[in-house]
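The structure appears below as structure tokens.
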Amino acid sequence: MVNEGAGGRATGALGDFDAMLGRRPRIDILVLALGTNDSADVSGAAPGRAAANLREMVLRARKAYGRELAVLIVAPPNIRKDALLRNQGQADQRERTLERMSTEFRELAARLGCEFLSLYGTVPDASLAVDGMHPDLAGNERIARIVLPKLMSIAGARGA
């Protein structure tokens, strides 16, 4: 497993995604876990735009590694509105945006034949206390306990 994540990255970072594809001669399972940073756009366009960007990533990855590449699309976790340090006034809209992203990502996964997992509502508020967005150690452990069985299921189904 290789973590290609970068702080502050939004789904529109297709150039970063292409660079990652160029560094990896082989990928068994691609996990796309993006969207939280996109929620800063409260115009209402973020869920559709984020889903379109993820679609493009899936298409590019399958072109590079084959149509049989297993892809897991992970919708972002919840935020803690009262702890948001930036844009406190937009907390309700950000929350609605994240909820809509979960729906859009689920539909996208179904259309593309990808696996799907939503983390929305899974991180306890206490684990988002520092800035309202980034989980602490306990929050990350909670995420791992949810994502790992899904990854193991995908790997098992592929005989990996």
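Can you tell me which residues in region 132-160 are over 15 Å from the mean Cα position of the chain (by Cα), at negative phi and not hydrophobic (A, V, I, L, M, F, W, C)?
The answer is D136, G139, E141, R142, R145, P149, S153, G156, R158.
Search region 92-140 for residues being touching a Ser or Thr at 6+ places or on another chain (Cβ under 6 Å) and not aliphatic (A, V, I, L, M), and hand back the single one that is farthest from I73 (Cα to Cα).
D136
To keep it simple, each residue is scored yes or no on (1) assigned to a helix (DSSP H, G or I); (2) β-branched (V, I, T); (3) touching a residue at least 12 places away in the same chain (Cβ under 8 Å).
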residue	(1), (2), (3)
R96	yes, no, no
L117	no, no, yes
S127	yes, no, yes
R142	yes, no, yes
L151	yes, no, yes
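Can you tell me how many residues in region 33-92 are among the basic types (K, R) and within 17 Å of V130 (Cα to Cα)?
Within region 33-92, residues that are among the basic types (K, R) and within 17 Å of V130 (Cα to Cα) number 3.
Just one of (1) surrounded by fewer than 18 Cβ atoms within 10 Å (Cβ to Cβ); (2) small (G, A, S); (3) not in a helix (DSSP H, G or I) trips up G48, so point out which.
Result: G48 passes all but (3).
Taking R9 and the conditions (1) without any contact (Cβ under 8 Å) to a residue 40 or more places away in the chain; (2) more than 29 Å from G156 (Cα to Cα); (3) surrounded by 17 or more Cβ atoms within 10 Å (Cβ to Cβ), which numbered condition does it fall short on, given that it satisfies the others?
Every listed condition holds for R9 apart from (3).
Could you check region 51-90 and list, in sequence order, the residues that are without any contact (Cβ under 8 Å) to a residue 12 or more places away in the chain and surrounded by 16 or more Cβ atoms within 10 Å (Cβ to Cβ)?
R62
Since every read-out is calculated from the coordinates, none of them should be taken as a lab result. Please read these numbers as outputs of a predicted model, since none were measured by experiment. With ideal geometry, Cβ positions are generated from the backbone for all residues, glycine too; neighbour counts draw on all protein chains shown.
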